[in-house]
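Shown next, in structure tokens, is the structure this report addresses.
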Amino acid sequence: MTVYTDIADEIIKLIADEFTKQGHTLTGAFESKMTYDVSETSDGVRIRVYDNTEQTYGKILDAGVRADQIKFPYARKRIAGLTNWAKLRLGAGDKEAVSIAYAVATTHAREGMPTPGSRRFSSTGKRTDFVADATKDIIEITKRKLYEQIQTEILTV
């Protein structure tokens, strides 16, 4: 199973890299909390990658949220999270961070998440679909890893 864990490690690295390119990285929590499970099935091997962040935040960022899906833009937990974001990302003080949090929540309720303006923080021009973008080349990576494993096995016989 070692080759499959190598492939899973590569998948996580690709997702984390794309996440960063899209401008989402702040604390490193998403990147460090991704895990995987490799299991054999009747028709092959299954690799599952998990987002273990609070409220699977990475999954939410990957899919985005339409404005009409944001039912409670001023929920206490949401405002607390946006306040923390304003402090970390923008260096805002306590009062200013709360004001920024409410402004961002209002914008999300009006425009959705991500907002069209947030694309400026992305080096790829995208703010969603980082998992699909990261794993589009996984077939080639899998072929390469399996080929390397086969070569190693042949050479050691």
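The values are calculated or read from the model by the stated rules, or taken from the named source; none is laboratory data. Everything numeric in this text was worked out from a predicted model, so none of it was measured. Note that each Cβ is placed from the backbone with ideal geometry, even for glycine, and that neighbours are counted across all protein chains shown.
The residue of segment 33-47 that is nearest to S118 (Cα to Cα), among those that are modelled with pLDDT under 95 and loosely packed, with under 12 Cβ neighbours inside 10 Å, is R46.
Report the residue count in segment 107-143 for those that are farther than 16 Å from I60 by Cβ and either surrounded by fewer than 13 Cβ atoms within 10 Å (Cβ to Cβ) or of a type in the set (A, V, I, L, M) (or both). Qualifying residue count, segment 107-143: 15. Beta carbons closer than 7 Å, at least 6 apart along the sequence or on distinct chains, pair a first residue in segment 137-150 that is of a type outside the set (D, E, K, R) with a second that is surrounded by 13 or more Cβ atoms within 10 Å (Cβ to Cβ) for I138/I11; I141/I7; I141/E10; T142/I7; L146/V3; Q149/V3. Put simply, of G117, G64, G112 the only residue that is on the phi < 0 side of the Ramachandran plot and not hydroxyl-bearing (S, T, Y) is G117. Any residue in segment 68-89 that's in contact (Cβ under 8 Å) with a residue 40 or more places away in the chain: show its pairings with residues that are surrounded by fewer than 17 Cβ atoms within 10 Å (Cβ to Cβ) and of a type in the set (V, I, T) at Cβ separation under 9 Å, as long as the two are six or more apart or on different chains. Pairs that qualify, where the first residue is in contact (Cβ under 8 Å) with a residue 40 or more places away in the chain and the partner is surrounded by fewer than 17 Cβ atoms within 10 Å (Cβ to Cβ) and of a type in the set (V, I, T), are L88/T27.
What about G58, is it in the same structural domain as D129 (by TED's automatic domain parsing), at positive phi and not hydrophobic (A, V, I, L, M, F, W, C)? Walk me through how you get there before you give the answer.
Details: in the same structural domain as D129 (by TED's automatic domain parsing): yes; at positive phi: no; not hydrophobic (A, V, I, L, M, F, W, C): yes.
So G58 does not fit the description; no.
Of these, Y50, Y36, Y74, Y4, which one is within 19 Å of D129 (Cβ to Cβ) and aromatic (F, W, Y)? Only one candidate qualifies: Y50. Residue count for segment 50-67, restricted to those that are surrounded by fewer than 17 Cβ atoms within 10 Å (Cβ to Cβ) and either in contact with a strand residue (DSSP E or B) (Cβ under 7 Å, 6 or more places away or on another chain) or modelled with pLDDT of 95 or more (or both): 8. Taken as a whole, the condition of being surrounded by 15 or more Cβ atoms within 10 Å (Cβ to Cβ) and farther than 30 Å from N84 by Cα does not apply to I12.
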